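J.: First the structure, then my questions, so here it is.
The values are calculated or read from the model by the stated rules, or taken from the named source; none is laboratory data. Since we're looking at a predicted model, the values are computed, not measured. Every residue, glycine among them, receives a Cβ derived from its backbone with ideal geometry; neighbour counts consider all protein chains shown. These accessible areas exclude ligands, DNA and RNA; they are computed on the full protein's heavy atoms, side chains included. Shrake-Rupley method; radii C 1.70, N 1.55, O 1.52, S 1.80 Å.
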Amino acid sequence: MKLYDYFWGDWQLTGTSHNSTGTAATMHGTWRFSPLSPDSLLLTENGEMIMGKTAAPLSFWREYRYQFAGDRVLVYFHDQPSGNYEQLYQAYRLDENGHLLVPDNTYLCALDTYDARFELDNAHFAQHTWVNGPQKDYRLDKELQRI
């Protein structure tokens with residue numbers, strides 16, 4: 001599987017955040033992977049999140065650079081003041097079966113850790129992220145369907 005070709009394009013996003021009390025938030029939006037170079041894609045994520053059952057929707061937006069090298073993917077945050085993509089967020093490698101992107105590292109933000117994996121299918125994939133630390137303890141499940 002060529003990962004660059006797999007991700008390139010537009011995806012419909014739905015997701016849920018789960019904590020110790022159950023579902024804490026729901027979200028919907030889009031992921032757009034557009035070319036930056038022959039081996040990297042720009043991911044633009046945007047949508048709305050609803051915290052709890054009665055809260056007003058909150059808009060979200062974020063950009064990342066996905067750098068591809070064979071069976072590896074490096075994901076960088078967009079540094080908004082400089083406009084660069086220099087801060088490594090996650091590094092993944094494709095498992096031997098070609099259906100999972102598993103983490104090479106755990107991202108540390110202050111005292112919180114972020115660990116994720118991707119489950120890949122033909123026109124669908126899921127991203128599961130576990131966030132743990134003194135202030136955070138939740139799982140974020142995102143489902144993406146090719147548009």
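J.: Could you tell me which residue out of F7, W31, L101 lies farthest along the dipole of segment 1-143 toward its positive end? Charges go on the beta carbon: Lys and Arg +1, Asp and Glu -1, centred on the Cα centre.
T.: Result: W31.
J.: Turning to a different aspect of this structure: With a 1.4 Å probe and all protein chains left in place, how much accessible area per residue does segment 17-94 have, in Å²?
T.: On a per-residue basis, 55 Å².
J.: Based on DSSP H runs of at least 4 residues, each adding -39500 (n - 2.57), what is the mean residue ellipticity at 222 nm of the chain after dividing by all its residues, to the nearest 500 deg cm²/dmol?
T.: -500 deg cm²/dmol
J.: On the accessible surface of the chain, probed at 1.4 Å, how many percent belong to carbon and sulfur atoms?
T.: With neighbouring chains kept in place, the figure for the chain is 52 percent.
J.: Percent relative contact order of the chain, based on C-alpha pairs within less than 8 angstrom and at least six residues apart?
T.: Reported relative contact order: 19 percent.
J.: Can you pull the one-decimal nm distance between simple spin-label points at A24 and Q12, each 7 Å off the Cα toward Cβ?
T.: Each label point lies 7 Å from its Cα, and together they span 2.8 nm.
J.: Run the simple label-point estimate for S34 and V102 please: 7 Å along Cα→C-beta, distance reported in nm.
T.: Here the answer is 3.5 nm between the modelled labels.
J.: While we're looking at this one, here's another question. Ratio to report: Rg/Rh of the chain, with Cα atoms as the point set and Rh obtained by the Kirkwood method; give two decimals.
T.: Rg divided by Rh gives 0.95.
J.: Along Cα→Cβ, 7 Å out, is where each label goes; now give me the distance between the ones at K53 and D95 in nm to one decimal.
T.: Taking the simple label geometry, K53 and D95 are separated by 3.6 nm.
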